[in-house]
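In what follows, a structure is listed as structure tokens, so that the remarks can point back to it.
The values are calculated or read from the model by the stated rules, or taken from the named source; none is laboratory data. Only a predicted model underlies this, so the values are computations on that prediction, with no experimental measurement involved. Here Cβ is always computed from backbone atoms with ideal geometry, including for glycine, and neighbour counts include all displayed protein chains.
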């Protein structure tokens, strides 16, 4: 089975813009994986992007799971490595103010992991996509347990992005802290 990721993502995106939220996943017995989450949050685009860009840093107020923190090795720039729990990835592209793309660096999980933001009526459309493949034990583990955990984390990140940012998020305060 082959997945036409672009058309599926476009359909899910249209659903999110119309209804404020979309969520979809496709997997195959051969390990092809497409996982999509989107939500319109009533917050300014620059704020939402900035909070996503700070995930894994000391100023992160979006990551929802303190017991399994997301940690980035440094500033948001291609080549920086990050992780949460056993999941490992490396930043490959940043379109400032619009997109953050990671590549998995794990033995059994391959492909891209991306956040995009865009201005829409009512706020900011936030999208998260995994477009990749699974091998080995992850072919069975993903649908049985990993998928639900991933989906929960992404939905909680979106919940946090819909809320007011932490008080230290103001750019003037961040500049002072640095």
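Okay, here's what the table says:
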| item | result |
| --- | --- |
| Residue in the range 161-169 that is in a helix (DSSP H, G or I), at pLDDT 95 or above, under 23 Å from residue 20 (Cβ atoms) and out of contact with any helix residue (DSSP H, G or I) (no Cβ under 8 Å at 6 or more places or on another chain) present | yes |
| Filtered residues of the range 35-45 (kept if within 16 Å of the chain's Cα centre (by Cα) and farther than 16 Å from residue 155 by Cα) | 45 |
| Enumeration of residues in the range 129-146 that are free of Cβ contacts under 8 Å to residues at least 40 places away in the same chain and either touching a strand residue (DSSP E or B) at 6+ places or on another chain (Cβ under 7 Å) or outside any loop (DSSP other than H, G, I, E, B) (or both) | 140, 141, 144, 145, 146 |
| Conditions (1) surrounded by fewer than 18 Cβ atoms within 10 Å (Cβ to Cβ); (2) touching a helix residue (DSSP H, G or I) at 6+ places or on another chain (Cβ under 9 Å); (3) closer than 19 Å to residue 145 by Cβ; number of the one not met by residue 35 | (1) |
| Hits in the range 1-41 (condition: part of a helix (DSSP H, G or I) and touching a residue at least 60 places away in the same chain (Cβ under 8 Å)) | 5, 9, 13, 16, 17 |
